[in-house]
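Following: one structure in structure tokens, then a few remarks.
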Amino acid sequence: MFTTFRGGQSGAWRVTAFSAVKGPPLQAVPSLSVVHSEAIALPLLPSRTSWRLAGVASHVRYVERGEKTQLAEKQEGLGRPEASCAALIPIRKSADWWELTQEERRRIFEDQSHHIATGLKYLPMIARQLYHCRDLGEPFDFLAWFEYAPQNALFFDDLVRALRATEEWSYVEREADIRVTRIDLAG
């Protein structure tokens, strides 16, 4: 199952903030759509979409059994009605990161940067899903999607700030931060 994020003129999410954290920016857009499908479909006709990023939800990596159990117990699902705020954070890591072995990446990811331990502090307030896209020829390696209620926006800012201050983030060569709110179609 592929998930495609399309930035453009329409979508179920209204863009409220758009920044290039590191590296070249994506084109700023007013809306974001999120589509889940069994294939990555390209438009047949020219589209008003400014950009398209696709990824695949995969198994959890760099976790030990106890961590995986804790994540499963605390994690809330995406699509909760109260979670009307979200963030899409596309990330590309450097060639130096990918030259490391799996064990070396795990050591930096958790033993030194405490990525999992930090994330656990913010569950279940913030739901998240990581989409892998490195092997799809996409411009980013990962698409991190987070959903949270408006009252948890400051907690989300704390989470992102903590993760960006780690050794792991020294391997990030391109990152964007796109904040959105769900469009209320009933109102």
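Ignoring lysines fewer than eight residues from K68 along the same chain, the ones with Cα atoms less than 22 angstrom from its Cα are K121. Overall, the anisotropy analysis places the range 118-175 in the oblate class: the square-rooted eigenvalues a ≥ b ≥ c of its C-alpha gyration tensor yield a/c not less than 1.5, with a/b not exceeding b/c. Evaluating 6.51 cos²θ - 1.76 cosθ + 1.60 at θ = phi - 60° for every residue in the range 14-28, the Karplus couplings come out as 8, 6, 10, 7, 8, 9, 9, 6, 8, x, x, x, 7, 5, 5 Hz, glycine and proline recorded as x. Computed with a 1.4 Å probe on the full set of protein chains, the accessible area for H114 sits at about 90 Å². Once you sort the root eigenvalues of the Cα gyration tensor of the range 67-172 as a ≥ b ≥ c, which label holds: rounded (a/c under 1.5), prolate (a/b larger than b/c) or oblate (the other case)? Judged from the Cα gyration tensor, the range 67-172 comes out prolate (a/c at least 1.5, a/b above b/c). Remark: the range 156-163, residue by residue, has Karplus-estimated 3J(HN,Hα) of 5, 4, 4, 4, 5, 4, 5, 5 Hz, where x stands for each Gly or Pro and the curve is 6.51 cos²θ - 1.76 cosθ + 1.60 at θ = phi - 60°. Placing a label point 7 Å from the Cα of S58 along the Cα-to-Cβ direction, the residues of the range 125-160 whose backbone N falls under 18 Å of that point are 129-145. Relative to the first principal axis of the alpha-carbon coordinates of the chain, what is the inclination of helix 65-74, with its axis defined by its Cα atoms, in degrees from 0 to 90 and to the nearest 10? Its long axis makes an angle of about 40 degrees. Only protein heavy atoms count here; under a 1.4 Å probe, D111 has an accessible surface of about 90 Å². The charge dipole of the chain, taken about its Cα centre with unit charges on the Cβ atoms of Lys, Arg (+1), Asp and Glu (-1) only, comes to about 500 debye. If you take the Cα centroid of the range 76-155 and the Cα centroid of the range 5-38, the two points sit 17 Å apart. The phi-based Karplus calculation (6.51 cos²θ - 1.76 cosθ + 1.60; θ = phi - 60°) puts the 3J(HN,Hα) values of the range 140-152 at 10, 8, 9, 10, 9, 10, 10, 10, 7, 6, x, 5, 9 Hz, whole numbers, x for Gly and Pro.
Could you check how much of the accessible area of the chain is carbon and sulfur, as a whole percent, using a 1.4 Å probe? Kindly include the intermediate steps, with their values, before the conclusion.
Numbers: 5400 of 10060 Å².
Percent of accessible area from carbon and sulfur atoms in the chain: 54.
Taken per residue, the accessible surface of the chain reaches 54 Å², heavy atoms only and a 1.4 Å probe.
The values are calculated or read from the model by the stated rules, or taken from the named source; none is laboratory data. Since the model is a prediction, treat every value here as computed from it, not as a measurement. Note that we place each Cβ from the backbone using ideal geometry, even for glycine, and neighbour counts take in every protein chain shown. Accessible surface areas use protein heavy atoms only, side chains included; no ligands, DNA or RNA. Shrake-Rupley method; radii C 1.70, N 1.55, O 1.52, S 1.80 Å.
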